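Below: the structure, in structure tokens.
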Amino acid sequence: LGPGAEVLWRGAAVARLVSGDGALAPQVDVLASDLLDPPLRERVRRRLAGWLESHLRATLLPLFALRDGIPPGLVRGLAFALVEGLGAVSRRAVAPQVAALTPDDRRALARLGVTVGRLSLFLPALLRPEAARLRTRLFAVRQGRPAESGPDGAPSVPLDPRQPAAFYLACGYLPAGPRAVRLDRLERAASVAARLSRAGSFLPPRDLAPILGCPPSEVPAVLTAIGYVERDGRFERRRPSGVRS
């Protein structure tokens, strides 16, 4: 794949990807060429489509396993949201479905590699840089947007207000105040804050900044964004909708 939505052969673009029936099903559009008559163009398209399917499955296997192994019932809707979100969805966006999950439903999701966090549902196996880069490209194709570089595995990056939250989720990140934080890091920080808040208001511990990958000065804004209220330098839980204890 090229840097955008192009399929390259020997460094030259021979086709481009366009949105298909789903986030994991982009279509191959072979570029016009005097060297390709219609039958040959279709052969090239099928060959490239086969390669693309293999490449996507090899890189995003847990997401295909989720799509192909969706069980019946309530879990099906969450799995569909995760597939269309390319591996992540904000918990707030699916709060009613999460609230209705039974212990068996949660175990089914866990078997499919899904983490149900305080702030998001995601597949940790897709946070590695190679998978994140491909997810970013697929998001661009699905949305008909120019391909852009994502955070590419960093614990967090400064938030670009021009980017929609869906872009960051497709990369495996969630906007939180001035940062877009990788989902596993943000869930870890949320767990630390939730544990401390059970005893009442708390001072942010020093290890939150390295967990979040941000300067200590930005920790208060991140905590505020994930549901805490600051009073005299201490924080207490606001308990927003969609965030559990």
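The values are calculated or read from the model by the stated rules, or taken from the named source; none is laboratory data. In this text the structure is predicted, and so the values were computed from the model without any measurement. In this analysis, Cβ positions are derived from the backbone assuming ideal geometry, glycine residues included, and neighbour counts consider all displayed protein chains. Ligands, DNA and RNA are stripped out before the accessible areas are found, and what is left, the full protein with its side chains, is counted by its heavy atoms. Shrake-Rupley method; radii C 1.70, N 1.55, O 1.52, S 1.80 Å.
The set of residues from segment 140-156 being open to solvent by 20 Å² or more (accessible area, probe 1.4 Å) and modelled with pLDDT of 95 or more comprises just one member, Pro155.
Of Ala79, Ala88, all but one fail to be of a type in the set (Gly, Ala, Ser), under 17 Å from Leu169 (Cβ atoms) and modelled with pLDDT of 95 or more; the exception is Ala88.
Being of a type outside the set (A, V, I, L, M, F, W, C), over 18 Å from Phe139 (Cβ atoms) and touching a residue at least 60 places away in the same chain (Cβ under 8 Å) is the filter here; which residues of segment 75-106 pass it? Walk me through it before giving the result.
To start, the set of residues in segment 75-106 that are of a type outside the set (A, V, I, L, M, F, W, C) comprises 76-77, 84-85, 87, 90-92, 96-97, 102-106.
Those left that are additionally over 18 Å from Phe139 (Cβ atoms): 76-77, 91-92, 96-97, 102-106.
Arg91, Arg92 - these are the residues of segment 75-106 that are of a type outside the set (A, V, I, L, M, F, W, C), over 18 Å from Phe139 (Cβ atoms) and touching a residue at least 60 places away in the same chain (Cβ under 8 Å).
For residues that are of a type in the set (A, V, I, L, M, F, W, C) and in contact with a strand residue (DSSP E or B) (Cβ under 8 Å, 6 or more places away or on another chain), scanning just segment 91-109, find the one that is farthest from Tyr173 (Cα to Cα).
Step one: filter segment 91-109 for residues of a type in the set (A, V, I, L, M, F, W, C), giving 93-95, 98-101, 108-109.
Retained after the next criterion (residues that are in contact with a strand residue (DSSP E or B) (Cβ under 8 Å, 6 or more places away or on another chain)): 94, 98, 101, 109.
Values: Val94: 17, Val98: 20, Leu101: 24, Leu109: 20 Å.
Selected residue: Leu101.
Do the conditions hold for Ile211, that is, is it open to solvent by less than 20 Å² (accessible area, probe 1.4 Å) and in contact with a strand residue (DSSP E or B) (Cβ under 6 Å, 6 or more places away or on another chain)?
Numbers: open to solvent by less than 20 Å² (accessible area, probe 1.4 Å): yes; in contact with a strand residue (DSSP E or B) (Cβ under 6 Å, 6 or more places away or on another chain): no.
Spelling it out, it is not the case that Ile211 is open to solvent by less than 20 Å² (accessible area, probe 1.4 Å) and in contact with a strand residue (DSSP E or B) (Cβ under 6 Å, 6 or more places away or on another chain).
Is it the case that some residue within segment 87-103 is touching a helix residue (DSSP H, G or I) at 6+ places or on another chain (Cβ under 8 Å), open to solvent by 50 Å² or more (accessible area, probe 1.4 Å) and part of a helix (DSSP H, G or I)? Yes; the residues of segment 87-103 include at least one that is touching a helix residue (DSSP H, G or I) at 6+ places or on another chain (Cβ under 8 Å), open to solvent by 50 Å² or more (accessible area, probe 1.4 Å) and part of a helix (DSSP H, G or I). Restricting Leu1, Leu8, Leu40 to those that are part of a strand (DSSP E or B), at pLDDT below 90 and open to solvent by 50 Å² or more (accessible area, probe 1.4 Å) reduces the list to Leu8.
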